[in-house]
Amino acid sequence: MSTAHDPSTLEPLNPSTQEKTLHMTMLATPDMANFSGRVHGGSLLKLLDQVAYACAARYCKSYCVTVSLDHVFFKEPIHVGELMTVLAHVNYVGSSSLEIGVKVVAENLKTQEKRHTNSCYFTMVCMGEDGKPRAAPPLILENEAERRLFKAAEMRRELRKEVIARNRALHEASGEALPDSHVEGPAH
Ligand SMILES: CC(C)(COP(=O)(O)OP(=O)(O)OC[C@H]1O[C@@H](n2cnc3c(N)ncnc32)[C@H](O)[C@@H]1OP(=O)(O)O)[C@@H](O)C(=O)NCCC(=O)NCCS
């Protein structure tokens, strides 16, 4: 008999639980490294974007796009040969956007020492078949930790809006074109 707890069915343990978390582990290989044998920041960001995408798309059961990335923190280097585990979680859902919190833990395979090496927040937008943003499934907060993450993400969302508004004012004051109103030239 198939039950919700039967791992062979690949069903969630509790059908009412949303798919909010995604973990991915991979080896840091030489193709990801810079000249000093450390994982290149850009290689890591590409991986984190993929994990954030997978987390958002699985949660939404829909295609998603990355609209912003902030609070990128390269806390400690990751060395070639270490195991990298990327932990992604849906912290917050607005209307069509989601905040995905991402954390990286590196493990030295010889000593088994684990280090929190990176963290950042992706804002992803849930997209409809028509290529336009569509409503993401409302987030069900199931425990105190999720409520804390939600509250913090809500505050970051307000901060982002403030930063965008201030940046717009700075551009207007300096007479420079905004990136979204003028496609030529660098976005400062
Ligand atoms: C993402 C995109 C569809 C949003 O378009 P838009 O016209 O700004 O749409 P909306 O104004 O309806 O905003 C949609 C959501 O994105 C959020 N958003 C828009 N700009 C944002 C920004 N700079 N930072 C954070 N969130 C942002 C809005 O707050 C809104 O969230 P909500 O629905 O939860 O309230 C559009 O900007 C886009 O296509 N960007 C390119 C995405 C891309 O190519 N990514 C790289 C490859 S995946």
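From the set of residues in region 72-120 that are among the polar types (S, T, N, Q) and away from the ligand (no atom under 15 Å from the Cβ), which is surrounded by the most Cβ atoms within 10 Å (Cβ to Cβ)?
Here is the first cut: in region 72-120, the ones among the polar types (S, T, N, Q) are 85, 91, 95-97, 108, 111-112, 117-119.
From what is left, the residues that are away from the ligand (no atom under 15 Å from the Cβ) are 85, 108, 111-112, 117-119.
Working: Thr85: 14, Asn108: 13, Thr111: 7, Gln112: 8, Thr117: 20, Asn118: 24, Ser119: 16.
Filtering first and then ranking leaves Asn118.
One residue is enough: does region 13-23 have a residue meeting the conditions surrounded by fewer than 17 Cβ atoms within 10 Å (Cβ to Cβ), farther than 26 Å from Asn143 by Cα and either more than 17 Å from the chain's Cα centre (by Cα) or among the charged types (D, E, K, R) (or both)?
no
Looking only at region 139-162, count every residue that is surrounded by 13 or more Cβ atoms within 10 Å (Cβ to Cβ) and within 14 Å of the ligand (Cβ to nearest atom) and tell me the total.
7
Which of the following residues is assigned to a strand (DSSP E or B), within 10 Å of the chain's Cα centre (by Cα) and buried (at least 17 other Cβ atoms within 10 Å of the Cβ): Leu48, Leu69? Even if it seems obvious, please write down each step before you answer.
Numbers: Leu48 fails: assigned to a strand (DSSP E or B).
One residue alone meets the criteria, Leu69.
Would you say Cys55 is in contact with a helix residue (DSSP H, G or I) (Cβ under 7 Å, 6 or more places away or on another chain) and within 14 Å of the ligand (Cβ to nearest atom)?
Details: in contact with a helix residue (DSSP H, G or I) (Cβ under 7 Å, 6 or more places away or on another chain): no; within 14 Å of the ligand (Cβ to nearest atom): yes.
In short, no.
Scan (1) within 13 Å of the ligand (Cβ to nearest atom); (2) touching a residue at least 60 places away in the same chain (Cβ under 8 Å); (3) closer than 14 Å to Tyr121 by Cα for the single condition Ser62 breaks and write down its number.
It is condition (3) that Ser62 fails.
Being more than 16 Å from the chain's Cα centre (by Cα) and either away from the ligand (no atom under 16 Å from the Cβ) or surrounded by 12 or more Cβ atoms within 10 Å (Cβ to Cβ) (or both) is the filter here, so list the residues in region 128-138 that pass it.
Of all residues in region 128-138, those more than 16 Å from the chain's Cα centre (by Cα) come to 128-135, 137-138.
Passing the criteria: Gly128, Pro133, Arg134, Ala135, Pro137.
Every number in this text was worked out from the coordinates using simple rules, so none of it is lab data. For clarity, every value in this text was computed on a predicted model and none was experimentally measured. When we count neighbours, we look across all protein chains shown, and the Cβ atoms used for this are built from the backbone with ideal geometry, even at glycine.
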